[in-house]
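**Q** Structure provided below as structure tokens; questions to follow.
The values are calculated or read from the model by the stated rules, or taken from the named source; none is laboratory data. Since the structure is predicted, the reported quantities are computational estimates derived from the model, not experimental observations. With ideal geometry, Cβ positions are generated from the backbone for all residues, glycine too; neighbour counts draw on all protein chains shown.
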Amino acid sequence: MQVVILCGGLGTRLREETEFRPKPLVEVGGHPLLWHIMKLYAHHGFKDFVLCLGYRGNMIKEFFLNYEAMKGDFTITLGQGHQVTYHGEHLEQDFRVTLAETGADSMTGGRIKRVERYIEGDTFLCTYGDGVGDVDIKALLEFHRRHGRLATVTAVRPQSRYGTLEFDTEGMAVTHFNEKPSLDGLISAGFFVFDRKVLDYLHGDDCVLEREPLERLAAEGQLMAYQHPGTWQGMDTYRDVLHMNEMWADGRATWKVWD
């Protein structure tokens, strides 16, 4: 089963990083965020990836083309008989990665539609290249199969960026301080499961997945939400980059479910 990852956006709110590289290559703990997402899926047994490339997609291609050399030792024989011998193995040895150009200006739905030819089965997984969480992918897929609808989105309860205060009856004395509490309401965290028929809801490069296609699926009763009880972290701003790197350095990266 393929995992389609949307990697083509401009990342305009993260210009400190994305001016020079695509958002999925922004590093957390010395590894691109894309690597973290792929490791999460691989931990649950899903290692066949289709990457929808756009902005600076050549850099993502270069990352994977040079992966073997960058991950370990190698011996190179120069000259006409040019040959490279890699020594040892890395834990991503059995990943299969299809890198597909989906246009510089395509929207999310348009990008997925463009990789239709690489999707082999009746069901595929899909997510954004800028968010991670300790999502149980197998449980998510089982939920999707049980309800029998065309699409599943993972819903999470977001965390406030700020601490909140509780006051006494006069509204002056602080009685309780909550450091970045969970907010009411649920939001989409990506981590979709789609029936192949969802591809018929996508039309043109300007198709925005989160608008007409998902709105139509919801109106037809074909969209279900898997409520993820654990954690999720999106990378929208430079502040998020710093926070995620702090979590990794302190051993608090809850999305690291792999060994």
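**Q** Filter the range 109-129 down to the residues that are assigned to a loop (DSSP other than H, G, I, E, B) and not hydrophobic (A, V, I, L, M, F, W, C), then identify the one that is nearest to Arg96 (Cα to Cα).
**A** Residue satisfying both the conditions and the ranking: Glu120.
**Q** Where in the range 139-253 are there strands (runs of 3 or more DSSP E), lying wholly inside it, with at least 3 residues that are at pLDDT 95 or above and in contact with a strand residue (DSSP E or B) (Cβ under 9 Å, 6 or more places away or on another chain)? Write out each step before concluding.
**A** On the way: elements: 151-156, 164-167, 174-178, 192-195, 223-227, 232-234.
Fully inside the range 139-253 and qualifying: 151-156, 192-195, 223-227.
**Q** Considering each of Val97, Val132 in turn, give the residue that is surrounded by 21 or more Cβ atoms within 10 Å (Cβ to Cβ) and either in contact with a helix residue (DSSP H, G or I) (Cβ under 9 Å, 6 or more places away or on another chain) or in a helix (DSSP H, G or I) (or both).
**A** Val132
**Q** A follow-up question, please. Collect the residues in the range 4-51 that are farther than 14 Å from Val132 by Cα, out of contact with any Gly (no Cβ under 7 Å at 6 or more places or on another chain) and not in a loop (DSSP other than H, G, I, E, B), keeping them in residue-number order.
**A** Selection gives Val4, Thr12, Arg13, Leu14, Arg15, Glu16, Glu17, Asp48, Phe49, Val50, Leu51.
**Q** Which of the residues spanning the range 60-82 are part of a helix (DSSP H, G or I) and among the hydroxyl-bearing types (Ser, Thr, Tyr)?
**A** Tyr67
**Q** Within the range 89-104, how many residues turn out to be touching a Phe, Trp or Tyr at 6+ places or on another chain (Cβ under 9 Å) and either modelled with pLDDT of 95 or more or closer than 14 Å to Val3 by Cβ (or both)?
**A** 7
**Q** Quick one: how many residues across the range 114-136 are closer than 20 Å to Pro22 by Cβ and not hydroxyl-bearing (Ser, Thr, Tyr)? Talk me through it step by step, then tell me what you get.
**A** Looking only at the range 114-136, we keep the residues that are closer than 20 Å to Pro22 by Cβ, and these are 114-115, 118, 126-132.
Narrowing further to those that are not hydroxyl-bearing (Ser, Thr, Tyr): 114-115, 126, 129-132.
Total satisfying the criteria: 7.
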